[in-house]
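Written out below as structure tokens is the structure these notes cover.
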Amino acid sequence: QVQLVESGGGLVQAGGSLRLSCAASGRTVSSYGMGWFRQAPGKEREFVAVISWRGTYYTDSVKGRFTISRDNAKNTVYLQMDSLKPEDTAVYYCAADLQNTGAYSAYSYEYWGQGTQVTVSS
């Protein structure tokens, strides 16, 4: 199994920045597709970003503001969030796609972190 431990969430003012971390056990993160998803109160969980052998991909609402990256030496995936907006407020989850497909669907991810709260004030 793969264990994912998230950190870095918190409260930030609109326009500010935050970096989320997801440390993975087991196989190196470079061998997985690693995705970030988020879920706001009353809304469904939605795709945010993915890094895989195909490269990176972002949902339109965060494109140009968020950056997903890996540090293979630390076996960790990051989500750098800049120019944060109140609508970015959500619980953010990292997830591992062991087949490394670069999928956007949550159904393609076998393992999930516990989530970390991001709150952006206006």
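The values are calculated or read from the model by the stated rules, or taken from the named source; none is laboratory data. Keep in mind the model is a prediction, meaning the values are calculated, not measured. Cβ atoms come from the backbone with ideal geometry, glycine included; neighbour counts cover every protein chain shown. These accessible areas exclude ligands, DNA and RNA; they are computed on the full protein's heavy atoms, side chains included. Shrake-Rupley method; radii C 1.70, N 1.55, O 1.52, S 1.80 Å.
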Residue selected from segment 63-102 under the condition open to solvent by less than 20 Å² (accessible area, probe 1.4 Å) and of a type in the set (A, V, I, L, M), by the criterion nearest to the chain's Cα centre (by Cα): LEU79
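Residue by residue through segment 1-15, note down the ones that are within 13 Å of GLN114 (Cα to Cα) and either among the charged types (D, E, K, R) or part of a strand (DSSP E or B) (or both).
Correct list: LEU4, VAL5, GLU6, SER7.
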message: I need the full set of residues from segment 16-34 which are of a type in the set (A, V, I, L, M) and farther than 16 Å from GLY115 by Cβ, in order please.
response: VAL29
message: Could you tell me how many of the residues in segment 101-118 are modelled with pLDDT of 95 or more and on the phi > 0 side of the Ramachandran plot?
response: 1
query: What pairs can you find where one residue is in segment 50-63 and touching a residue at least 40 places away in the same chain (Cβ under 8 Å), the other is in a loop (DSSP other than H, G, I, E, B), and their Cβ atoms are less than 6 Å apart, with a gap of 6+ or different chains?
result: VAL50/GLY102; SER52/ASN100; SER52/GLY102; TRP53/ASN100; ARG54/GLY102
message: Take the conditions touching a strand residue (DSSP E or B) at 6+ places or on another chain (Cβ under 9 Å) and modelled with pLDDT of 95 or more and apply them to TYR93. Does it pass?
response: yes
field: All positions within segment 16-43 that are touching a residue at least 60 places away in the same chain (Cβ under 8 Å), open to solvent by less than 30 Å² (accessible area, probe 1.4 Å), part of a strand (DSSP E or B) and not hydrophobic (A, V, I, L, M, F, W, C)
entry: GLY33, GLY35, ARG38
field: Any pair with Cβ under 6 angstrom, 6 or more apart, that starts in segment 105-122 at a residue that is more than 19 Å from THR28 (Cα to Cα) and ends at one that is of a type in the set (Val, Ile, Thr) and open to solvent by less than 40 Å² (accessible area, probe 1.4 Å)
entry: GLY115/VAL91; GLN117/VAL91; THR119/THR89; VAL120/VAL12; VAL120/THR89
field: The one condition in (1) in contact with a Lys or Arg (Cβ under 8 Å, 6 or more places away or on another chain); (2) at positive phi that ALA23 fails to fulfil
entry: (2)
- request: Name every residue in segment 44-62 that is touching a strand residue (DSSP E or B) at 6+ places or on another chain (Cβ under 7 Å), open to solvent by 70 Å² or more (accessible area, probe 1.4 Å) and in a loop (DSSP other than H, G, I, E, B), in order of residue number.
  value: ARG45
